[in-house]
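Participant: Could you have a look at this structure, given as structure tokens, before my questions?
Bear in mind these aren't lab numbers, they're just calculated from the coordinates by the rules spelled out. Keep in mind it's a predicted model, so treat the numbers as computed, not measured. Virtual Cβ from ideal backbone geometry, glycine too; neighbours counted across all protein chains shown.
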Amino acid sequence: MASTEVLMAGFGGQGMLLSGKLLAHAAMTLGKQVSWLPSYGPEMRGGTANVTVCVSDKPVGSPYITRPTALLVMNQPSLEKFGSRVREGGLIVINSSLIPIKSDRADCKVLYVDAAELARKAGTARAANLVMLGCYVGWSDIVERESVVKEIEEEFSSKAKFIPANVAAYEAGYEAGLKLRGGA
Amino acid sequence: MAKVLMKGNEAIGEAAIRAGCVHFFGYPITPQSEVPEYLAKRLPEVGGRFVQAESEVAASNMIYGAAGVGMRVLTTSSSPGISLMAEALSYIAACELPVVLVNIMRAGPGLGGILPSQGDYLQATKGTAHGDFDLIVLAPDSVQEAVRLVISAFELAEKYRNPVMVIGDGMIGQMMEPVEFPDEVKGPPLDPGDWALTGCAGREKRIINSLYLDPDFADRHNRKLKAKFERIREAEQRWEAYNCDGPCDLLVVSFGMMSRICKTAIEELKAEGFKIGLFRPITLKPYPYEALRKAADKAKRIISIEMNMGQMIEDVKLAALGTKPIDFFGMAGGLVPSPDDVVAALRDSLKKAGAGGKAR
């Protein structure tokens, strides 16, 4: 893997900035070069929030990316805004629980994940962001499966009772991603 | 120490502590508010003092006072806040006090917006405030370099007894990158020398003041400050020259985060056979004119790329002294040029330079 740029987007509060941080931290721990650049504009609270995570074997050049290699979207406005920007041959992961439309990108691999439902089954409907991250990691192998589990445990270390459900949500997403890869 | 993933603003706060600075006076403003937020929590843990002032005007005069009594001191702000601090900066420079300030620039002019900008280049390097004085201005291009330069800023401030500004755009404050801190923490306080106001019992009293009604004295003082900046100019210029080894089709001049976006664009065009160099001043003041001139000598053409409407280009012109044509590309108002935008600008300049690249 030379260089991967992942744009993660959703409503503010859906947790995509956290998903991005977990991914960036896991990749850093594995010895990769990383950057995590959030949108911090006035639209952030309650509006759309997005973060770009770059993961590379070489020092990261521009952390500001307008044509990412992968897009993870939690809501329809984000798909409509960013769907057309993904690089040819890239990956789009769509939260089908909240996004009723399909991507029109025939030149990209598009994964549809019922993230809210998988999160609810795992024990916390609020962890749809981790289902999405799990699905992406399961599909792409960008970092090791276990490394993100460690990040979740670390992130929730002061609220340990939330760890099992959040890990379960990530694992459910990972399995979904793995399965979709198998069927590709 | 192991690498940690940290926001630029927080890393700047931690770097100050590692530099032995445990006094902070400031006022919140986006996009740098995480610096005071971080230090409000951290400074009490290391026996330091955090004061949220009632305004930037107050904060800047508090650092003036703290430096005057020999304390290592920091303030941080963003563009409109720095303007409010300008008056005190002139006084601090006049009194030759070592302070460090950080400007995480946002879009202007006026109250502007909270998004990234490099619109304060000329303010930082030329017209910060009234009177003849010079800041030292450092511009990092990564969170790691921000840490290095904040630590360096304290060393320079004390070495020359001069205010030092570290300048970055909103991106560098808000983004997270892996960063390593030096294990060693420098012990405060700084050496109060023969100037700090430490209590005059048993010695001659000292006065720190910038009112010079005697013109002969004031003239000598101005000459002294200028001579000091000449020493700084001789000793402290820093820059990065990237892809500048041989002749090139085009030389990009860019600083801070913008230069990293340029690097990505340069790499993309390299695949098409174009040879493009990048010159990145790290000290915006003293500006590395000679080094830039040498890099420019090997290029057919120059382009200055900035997140403003063309400010550093004035120094690029001073460096090139009319020897090469110079183009400009920039965006303002909080828009950040993307690698694609830069590639398009570079293509225009390459065309004007008559560079063909590989036959396509």
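Participant: Partner chain Cβ atoms within 10 Å, averaged over the residues of A:85-98 - can you pull that number for me?
Facilitator: Mean shielding count: 0.
Participant: May I ask you to order B:66-78, B:161-173, B:41-53 by the average number of other C-beta atoms within 10 Å around their residues, highest value first? Please report the intermediate quantities before stating the final value.
Facilitator: Values: B:66-78: 24.3, B:161-173: 27.0, B:41-53: 14.6.
Peptide ranking by packing, descending: B:161-173, B:66-78, B:41-53.
Participant: If you take every DSSP beta bridge fully contained in segment B:239-353, what fraction is antiparallel? Give it as a percent rounded to 5.
Facilitator: 25
Participant: Let me check against my output: what whole-number percent is the relative contact order of chain A, with C-alpha pairs under 8 Å and at least 6 apart?
Facilitator: Details: 393 pairs, mean separation 35.8, N = 184.
After rounding, I find 19 percent.
Participant: Please give me, ordered by residue number, the GluC sites (Glu not before Pro) of segment A:109-184 that lie in loop per DSSP and have at most 15 other Cβ atoms within 10 Å.
Facilitator: Hits after loop and neighbour filter: A:E144.
Participant: For segment B:234-360, rounded, prolate or oblate, judged on the Cα gyration tensor with a ≥ b ≥ c (square roots of eigenvalues), a/c < 1.5 rounded, else prolate if a/b > b/c?
Facilitator: Details: a/c = 1.65, a/b = 1.22, b/c = 1.35.
Cα axes put segment B:234-360 in the oblate bin.
Participant: Could I have the simple spin-label model distance between B:R206 and B:E314, label points 7 Å from Cα toward Cβ, reported in nm to one decimal?
Facilitator: 3.5
Participant: Follow-up. How much of the DSSP bridge set in chain B is antiparallel, in percent, rounded to the nearest 5?
Facilitator: On the way: 11 of 43 bridges.
Taking every DSSP beta bridge within chain B, about 25 percent pair in antiparallel fashion.
Participant: Which trypsin sites (Lys or Arg not before Pro) from segment B:272-333 combine a DSSP loop assignment with at most 16 other Cβ atoms within 10 Å?
Facilitator: Working: sites: B:K275, B:R293, B:K294, B:K298, B:K300, B:R301, B:K317; in loops: B:K275, B:K298, B:K300, B:R301.
Those that pass, being in a loop and sparsely packed, are B:K298.
Participant: Report the extension gain between B:K126 and B:K159 in nm, rounded to one decimal, defined as 0.36 nm multiplied by the number of residues separating them, less their alpha carbon distance. Intermediate results must be reported in sequence, preceding the final value.
Facilitator: On the way: separation 33, 0.36 × 33 = 11.88 nm, distance 2.17 nm.
Gain in length upon complete extension: 9.7 nm.
Participant: Additional query: Within a 10 angstrom radius of each residue's Cβ in B:166-177, how many Cβ atoms of other chains show up on average? Whole number is fine. Mind showing how you got there, number by number?
Facilitator: Working: counts 0, 0, 0, 0, 2, 6, 2, 1, 5, 9, 14, 10.
Neighbouring Cβ atoms belonging to other protein chains average 4 per residue here.
Participant: Could you check the simple spin-label distance between A:D141 and A:A106, using points 7 Å along Cα→Cβ, in nm with one decimal?
Facilitator: 3.0
Participant: For peptide A:30-40, what's the mean number of Cβ atoms from other chains within 10 Å of each residue's Cβ? List each step's numbers first, then the result.
Facilitator: Numbers: counts 0, 1, 1, 2, 5, 9, 9, 8, 5, 2, 10.
Partner Cβ neighbours, averaged per residue: 5.
Participant: Moving on. Taking the square root of 5 times each eigenvalue of the Cα gyration tensor, what semi-axes in Å does the equivalent ellipsoid of the protein assembly as shown have, largest first? Mind showing how you got there, number by number?
Facilitator: Values: eigenvalues 386, 184, 64 Å².
Listed largest to smallest, the semi-axes of the protein assembly as shown are 44, 30, 18 Å.
Participant: Further question on the same structure: Going by average Cβ density within 10 Å per residue, which order do the peptides B:342-348, B:193-199 take, highest to lowest?
Facilitator: B:342-348, B:193-199
Participant: Let me ask something else about it. When every alpha-carbon pair in chain B is counted, what percent end up more than 31 Å apart? Working shown, then result.
Facilitator: Numbers: 22890 of 64620 pairs.
Roughly 35 percent, rounded to a whole number.
Participant: Have a look at the DSSP beta bridges in chain A and tell me what percent are antiparallel, nearest 5.
Facilitator: Counting DSSP beta bridges with both partners in chain A, the antiparallel share is about 55 percent.
Participant: Let a ≥ b ≥ c be the square roots of the eigenvalues of the Cα gyration tensor of segment B:30-170; is it rounded (a/c under 1.5), or, if not, prolate (a/b larger than b/c) or oblate? Let's see the in-between values first.
Facilitator: Numbers: a/c = 1.30, a/b = 1.08, b/c = 1.21.
Rounded, since a/c falls under 1.5.
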